[in-house]
Structure formats: structure tokens, C-alpha cells
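The values are calculated or read from the model by the stated rules, or taken from the named source; none is laboratory data. Computed from a predicted model, the values in this text were never measured in an experiment. Every residue, glycine as well, gets a Cβ built from its backbone with ideal geometry; the counts of neighbours run over all protein chains shown. Side chains included, ligands, DNA and RNA excluded: accessible areas come from the protein's heavy atoms. Shrake-Rupley method; radii C 1.70, N 1.55, O 1.52, S 1.80 Å.
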Amino acid sequence: MDTAEKSFSHIDADTNYPTMVDVSDKQVTKRTARARSIVVLGNEIMQHLTGNDIQTKKGPVFQTAIIAGTMAAKKTSDLIPLCHPLALENCKVEISINEQQEVVVDCTATITSKTGVEMEALTGASVAALTIYDMCKAFSHNIIIKETKLLEKTGGKSDYHG
């Protein structure tokens with residue numbers, strides 16, 4: 001489909017008003033999406049990394065962020081107005097440290113449905129990153145959530161591998 005044929009999916013063509021996408025005629029398929037957020041904590045905070053986590057008075061940062069990201073993915077339709085409420089079949093949040101000493105948050109969401117789970121994966125990664133910020137800000141406010149992006153999606157009309 002070229003650019004001239006594309007339109008915004010959440011705008012009703014007849015009224016120009018916002019609308020939910022009608023998925024009633026779509027096929028049920030297994031759909032998976034993986035999103036990533038990268039958090040730069042800096043040396044002042046990273047020096048507190050012990051093993052695979054940072055311990056704070058609020059508790060273990062990465063373990064808490066994993067739970068927060070999972071909870072957020074399950075509540076995406078409560079946060080993003082035109083998202084369909086979905087019963088996720090799986091949601092996995094993984095946190096690692098890359099070669100640049102940045103915190104990498106990956107969220108993978110899976111469902112068998114008529115609509116995709118990109119927003120759930122993006123929401124999970126975003127909220128996990130925000131939780132890391134919240135739990136580490138007592139050490140320093142010099143924290144950057146430098147990117148959140150969709151890495152891939154499968155199932156449905158088309159796949160994406162960014």
C-alpha cells in the first residue's frame with residue numbers, strides 16, 4: 001500500500017471522529033509483539049548494581065519493574081483510549097545491561113486474537129522503565145529514558161521486524 005492509500009486507523013472515514021478499529025471481520029491468529037525501552041542510569045546509580053539488580057529502600061529495582069511492566073501491559077486499554085481490552089496469554093518483561101552500561105527493558109506480549117499486542121508490549125516496556133526511574137531517583141535525577149520502540153510484531157495482516 002503506498003502512502004496515498006494509507007489512512008489513520010482510529011479516525012472514522014465518514015465522520016472524521018476518533019473511533020475504535022472494527023476488528024469483527026478479522027481472523028483470529030496468534031499475535032506477538034516485542035518492545036524495548038532503554039534507561040541510562042549513569043555511574044552514580046550503576047555502582048549500586050549487585051548481581052542482576054539494584055537494591056534500594058523501596059526494594060529490588062529490576063524485580064519491581066518486571067512486575068510493574070507486566071501489570072501495565074495487562075491494563076493498556078485503561079491507559080490508551082482506543083485500545084481494545086485484551087486478555088493477554090503471555091507477557092514477559094526482561095531486564096539486562098548492555099555494553100554501554102544501559103538498562104535494557106524488553107517486553108514481549110502474546111495473544112491469540114483478532115487484534116495485535118504492540119501497544120501492550122510498548123506499555124509494558126515503558127512502565128517498567130518509569131518504575132526504574134522512580135526507584136532510582138533518590139540516588140540521582142540524572143536518569144534518561146532514551147528510547148522506547150517496537151522491535152517486532154508477528155501475526156495479523158503483516159509482520160514487522162524493526
State all residues of the range 69-102 that are under 11 Å from the mean Cα position of the chain (by Cα) and among the β-branched types (Val, Ile, Thr); if no residue qualifies, say none.
THR70, THR76, VAL93
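Is it the case, given these coordinates, that ALA13 is outside any strand (DSSP E or B), in contact (Cβ under 8 Å) with a residue 40 or more places away in the chain and among the small types (Gly, Ala, Ser)?
Numbers: outside any strand (DSSP E or B): yes; in contact (Cβ under 8 Å) with a residue 40 or more places away in the chain: no; among the small types (Gly, Ala, Ser): yes.
It is false that ALA13 is outside any strand (DSSP E or B), in contact (Cβ under 8 Å) with a residue 40 or more places away in the chain and among the small types (Gly, Ala, Ser).
Does ALA121 qualify as being out of contact with any Gly (no Cβ under 8 Å at 6 or more places or on another chain), assigned to a helix (DSSP H, G or I), of a type in the set (A, V, I, L, M, F, W, C) and open to solvent by less than 20 Å² (accessible area, probe 1.4 Å)?
Values: out of contact with any Gly (no Cβ under 8 Å at 6 or more places or on another chain): yes; assigned to a helix (DSSP H, G or I): yes; of a type in the set (A, V, I, L, M, F, W, C): yes; open to solvent by less than 20 Å² (accessible area, probe 1.4 Å): yes.
Taking the combined requirement at face value, the residue satisfies it.
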Out of PRO60, PRO18, sole residue that is over 20 Å from the mean Cα position of the chain (by Cα) and either open to solvent by less than 70 Å² (accessible area, probe 1.4 Å) or among the aliphatic types (A, V, I, L, M) (or both)
PRO60
I'm told VAL104 meets every condition in (1) assigned to a helix (DSSP H, G or I); (2) over 29 Å from SER24 (Cβ atoms) except one. Can you identify the failing condition by its number?
(1)
Residue match in the range 103-112 (condition: farther than 22 Å from ASN52 by Cα, surrounded by fewer than 16 Cβ atoms within 10 Å (Cβ to Cβ) and either without any contact (Cβ under 8 Å) to a residue 40 or more places away in the chain or over 12 Å from the mean Cα position of the chain (by Cα) (or both)):
yes
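In the set LEU82, LEU86, which member is touching a residue at least 40 places away in the same chain (Cβ under 8 Å), of a type in the set (A, V, I, L, M), open to solvent by less than 100 Å² (accessible area, probe 1.4 Å) and in a loop (DSSP other than H, G, I, E, B)? Spell out how you get there, then give the answer.
Values: LEU86 fails: touching a residue at least 40 places away in the same chain (Cβ under 8 Å).
Answer to the check: LEU82.
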Could you run through the range 21-46 and say how many residues are part of a loop (DSSP other than H, G, I, E, B) and open to solvent by 70 Å² or more (accessible area, probe 1.4 Å)?
5
For the range 124-160, what are the residues that are modelled with pLDDT of 95 or more, under 21 Å from THR110 (Cβ atoms) and open to solvent by 70 Å² or more (accessible area, probe 1.4 Å)?
LYS149
Against the condition at pLDDT 95 or above, in contact with a helix residue (DSSP H, G or I) (Cβ under 9 Å, 6 or more places away or on another chain) and surrounded by fewer than 14 Cβ atoms within 10 Å (Cβ to Cβ), how does LYS92 come out, does it pass?
no
